[in-house]
1. If we keep just the residues of segment 19-50 that are modelled with pLDDT of 85 or more and in a helix (DSSP H, G or I), which is surrounded by the most Cβ atoms within 10 Å (Cβ to Cβ)?
2. With respect to the numbered conditions (1) modelled with pLDDT of 85 or more; (2) exposed (fewer than 15 other Cβ atoms within 10 Å of the Cβ), which one is the sole condition not fulfilled by Ser166?
3. Is one or more of the residues making up segment 309-318 at pLDDT 75 or above and within 30 Å of Ser263 (Cα to Cα)?
4. Quick one: Glu303 ticks every box in (1) in contact (Cβ under 8 Å) with a residue 60 or more places away in the chain; (2) outside any helix (DSSP H, G or I) bar one, so which box is it?
5. Is segment 238-246 home to any residue that is in contact (Cβ under 8 Å) with a residue 12 or more places away in the chain, of a type in the set (A, V, I, L, M) and either in contact with a His (Cβ under 8 Å, 6 or more places away or on another chain) or part of a helix (DSSP H, G or I) (or both)?
Amino acid sequence: MDVQRTGSVVRPPSPMESLEKQLSCPICLEMFTKPVVILPCQHNLCRSCASDLYDSRNPYRFSGGVFRCPTCRFEVVLDRHGVHGLQRNLLVENIIDIYKQQQEGSNTGGSGNPEPSLKPKETKEPLCQEHEDERINIYCITCQVPTCSMCKVFGQHKDCEVSPLSSVYQTQKAELSNAIDTLVASNGRLQALLHQMEDSCRAVQENSQRAKQGLAERFDLLYAVLEERKGLMLEQIGTEQDQKVAVLRALAQRYGERLLASSELTDTAVRALEQGGAAEFLLASKGLILRTKDAAKGSLGEERPEPGFEKMDHFTLSTEHVEAVLSKMDFGLPEEDEFEDAEEEEEE
């Protein structure tokens with residue numbers, strides 16, 4: 001049995017197939033669906049695919065998060081807008097539009113399947129609506145519309161300035177191309193500005209955090225100084241309190257001892273008065289009378305605290321000038337100037 005073998009020639013991919021491969025999303029493996037977003041690693045994604053991937057790994061939809069590029073695994077920190085905060089790649093979107101237009105205008109192969117081709121499809125030139133058999137082959141510069149030769153000779157454009165359609169086509173095509181280049185360059189500048197603004201935002205946040213930390217440290221120092229002064233002044237009040245209480249308790253002890261001796265002397269004198277014999281009374285009365293008088297005189301000359309001894313008013317603290325300084329405390333005025341101004345106001 002003879003087996004007929006037929007060799008197959010693998011044709012190299014056409015330019016359009018290579019372009020289609022470059023325009024494929026690494027997530028859905030299909031051609032990009034607009035809008036297309038670009039990551040800082042310069043890889044492109046369908047925004048819808050990127051959003052689905054981000055939502056699947058961030059089910060609770062926290063504000064911001066980390067997104068990993070499916071192509072190179074580069075991690076991108078997203079803000080509160082998530083995937084919608086990424087920059088659109090308008091250049092890729094324009095290429096996709098041109099590619100689809102080229103595909104729609106490509107020729108059909110012999111097998112009925114569309115064959116990609118870089119050559120534009122040959123189509124008939126449109127005909128003039130006023131003159132059905134005339135092709136549109138000139139361009140009215142005055143009215144800014146394409147028209148036919150008959151309209152120039154006999155029609156509404158006979159007094160207008162016209163030019164060949166091909167020359168105007170090439171001119172406007174070049175003008176549009178230049179406008180696209182300018183727009184792409186402008187988009188690049190805008191993207192650079194966006195990155196600059198993001199860097200500036202991060203710098204502002206970092207500087208603000210450092211300023212907050214420095215301010216908190218300065219206030220903590222003030223709190224520590226106030227607490228130290230408070231402790232010292234409370235200690236002074238407590239020391240004087242202990243001293244005065246000790247003096248008063250010593251006097252009270254002396255008064256108590258004197259009162260006890262006086263009470264005993266009073267009892268002795270009363271018992272002497274109750275004795276019936278005159279001779280016996282007179283034997284003890286003289287000394288008893290002297291002791292009683294001395295005791296009475298001694299009670300009148302006992303040591304007493306000075307008037308106002310119990311007061312603590314001299315410990316009153318005046319904080320008005322400090323309160324004035326604290327109320328005027330700001331970032332622009334040095335502390336020394338603040339204290340000088342407060343002292344001047346207090347003197348006035």
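The values are calculated or read from the model by the stated rules, or taken from the named source; none is laboratory data. Small disclaimer: the values here were computed from a predicted structure and weren't measured. Quick reminder, even Gly has a Cβ in these numbers, built from the backbone with ideal geometry, and neighbours come from all protein chains shown.
1. Ala50
2. (1)
3. So the first thing to find is which residues in segment 309-318 are at pLDDT 75 or above, and the list is 309-318.
In the following step, the residues that additionally are within 30 Å of Ser263 (Cα to Cα) were identified as 309-310.
Yes, the conditions are met somewhere in segment 309-318.
4. So the condition that Glu303 fails would be (1).
5. Going through segment 238-246, the residues in contact (Cβ under 8 Å) with a residue 12 or more places away in the chain turn out to be 240-241, 244.
Restricting the remaining residues to those that are of a type in the set (A, V, I, L, M) gives none.
Within segment 238-246, not a single residue is in contact (Cβ under 8 Å) with a residue 12 or more places away in the chain, of a type in the set (A, V, I, L, M) and either in contact with a His (Cβ under 8 Å, 6 or more places away or on another chain) or part of a helix (DSSP H, G or I) (or both).
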